[in-house]
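Asker: Below is a structure I'd like to ask you about.
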Amino acid sequence: MVNVGIMSFAHMHAHSYAACLKQLPGVKLGAIWDDSAKRGADMSQTFHTPFIPKLDDFLATDIDAVIICSENIKHRAMVEAAAKAGKWILCEKPLATTVKDATAMVQACDKAGVGLGTAFPCRFVTPLMEVKRRLDAGEIGELYMANCTNNGSFPGGWFAKDELAGGGATMDHTVHVADVLRWITGREFTKVYCEKGAFIRRNLKTDDCGALHLEMEGGIKVAHVASWNRAASFPTWGDVTLELIGEKGVINCNAFGQKLDVYSDKHGKGEWAHWGDNADLALVQDFVQAVAQKRPMASTGLDGLRAVEVTVAAYKSAKAGKAVAV
């Protein structure tokens, strides 16, 4: 039995991860801790799991591992505390808001001898896995260019506060695509140019859209849009799309295209009925298996650090008005 606790429900993904833990055989959602006592107590009722108000008491329980879903700026302190207590860790993305913090988190887990994973569920989406297979097989030859998007609905709350999130849509949505491209190509990013701003919600105090031009090892050119441009009524939170242009052909991929369009007067708007992957479930399953087998997770803390390096460089570029090295 793998006993897992959740640290903070500040991020909405925590609800999905908790539900996934409840579904998996041989896995127990053993405890909840949250720096918001009301939120923690509410989630305790929702998931029928003990809420432990004091962090030290929570980490002193017999849980084997934790999933951290706090505000981005709090990730480092929580990871370091959990690592010191000997718990394996899955941390929500972005791993941190600075390269310094992300590096310290990786080092703390290495020193404590515990695993650190970054929550990149896109690695478990069948269309993206197929893209990687085709690239590895050389079906489009040398990769020249990639055109990517990660657009979503505006999450509101702390996501729009730089002092808690570290940035806006560029921070929130660049890391997914950066990780996917590193994973499917096996190459690192070398430079980035970014323009960002509150283009959709003019009174927003952070960026709701970022337009990035990046380069990877081997000269691969990448264009990426990260935004909160989807309407609140959009059927799902957003998208991840790729167009890969290679020597022998082109691959187009809609990562979340495994759905049916449903039009029903019952709900008064169009909806998507998903029939495909539950990427969160696969992510959590990989995590608990890694804990049980004491092996690295599919997306490690180092992968999280590399994605943070890209995002931080994007913000530096936007401020400097020129391309910067990653």
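Asker: Based on this model, can you work out whether K111 counts as assigned by TED's automatic domain parsing to the domain that holds V66, more than 18 Å from S70 (Cβ to Cβ) and of a type in the set (K, R)?
Answerer: So K111 fits the description; yes.
Asker: Do you know which residues across the range 218-228 are of a type outside the set (F, W, Y) and crowded, with 20+ Cβ neighbours inside 10 Å?
Answerer: I220, V222, H224, V225, A226, S227, listed by residue number.
Asker: In this structure, does R134 turn out to be surrounded by fewer than 19 Cβ atoms within 10 Å (Cβ to Cβ), under 30 Å from A290 (Cα atoms), in contact (Cβ under 8 Å) with a residue 40 or more places away in the chain and not aliphatic (A, V, I, L, M)?
Answerer: Judged against the criteria, R134 is a match.
Asker: Go through the residues of the range 8-25 one by one and say whether even a single one is in a helix (DSSP H, G or I), basic (K, R), closer than 18 Å to V288 by Cα and under 23 Å from the mean Cα position of the chain (by Cα).
Answerer: yes
Asker: Something else about it: Looking at the structure I just gave you, is T174 surrounded by 15 or more Cβ atoms within 10 Å (Cβ to Cβ), touching a strand residue (DSSP E or B) at 6+ places or on another chain (Cβ under 7 Å) and in a helix (DSSP H, G or I)?
Answerer: yes
Asker: I've got another one for you. Conditions: (1) among the hydrophobic types (A, V, I, L, M, F, W, C); (2) under 23 Å from F120 (Cβ atoms); (3) not in a helix (DSSP H, G or I). A31 meets all but one. Number of the miss?
Answerer: A31 satisfies all of (1) among the hydrophobic types (A, V, I, L, M, F, W, C); (2) under 23 Å from F120 (Cβ atoms); (3) not in a helix (DSSP H, G or I) except (2).
Asker: On to the next question. Among residues belonging to the range 201-253 that are out of contact with any helix residue (DSSP H, G or I) (no Cβ under 7 Å at 6 or more places or on another chain) and of a type in the set (S, T, N, Q), point out the one that is farthest from V310 (Cα to Cα).
Answerer: Among residues in the range 201-253 that are out of contact with any helix residue (DSSP H, G or I) (no Cβ under 7 Å at 6 or more places or on another chain) and of a type in the set (S, T, N, Q), the one farthest from V310 (Cα to Cα) is S233.
Asker: Residues that are surrounded by fewer than 23 Cβ atoms within 10 Å (Cβ to Cβ), part of a helix (DSSP H, G or I) and touching a Phe, Trp or Tyr at 6+ places or on another chain (Cβ under 7 Å): does the range 94-109 have at least one?
Answerer: no
Asker: Spot the failing condition for C253; the list is (1) surrounded by fewer than 16 Cβ atoms within 10 Å (Cβ to Cβ); (2) touching a residue at least 40 places away in the same chain (Cβ under 8 Å), and only one is missed.
Answerer: (1)
Asker: Before we move on, is L164 under 13 Å from E217 (Cα atoms) and under 19 Å from the mean Cα position of the chain (by Cα)?
Answerer: Answer is no for this residue.
Asker: I would also like to ask the following. Take the conditions touching a helix residue (DSSP H, G or I) at 6+ places or on another chain (Cβ under 6 Å) and among the basic types (K, R) and apply them to R134. Does it pass?
Answerer: It is false that R134 is touching a helix residue (DSSP H, G or I) at 6+ places or on another chain (Cβ under 6 Å) and among the basic types (K, R).
Asker: Please enumerate the residues belonging to the range 240-299 that are of a type in the set (K, R) and either part of a strand (DSSP E or B) or more than 30 Å from D64 (Cα to Cα) (or both).
Answerer: K248, K259, K266, K269
The values are calculated or read from the model by the stated rules, or taken from the named source; none is laboratory data. Only a predicted model underlies this, so the values are computations on that prediction, with no experimental measurement involved. Every residue, glycine as well, gets a Cβ built from its backbone with ideal geometry; the counts of neighbours run over all protein chains shown.
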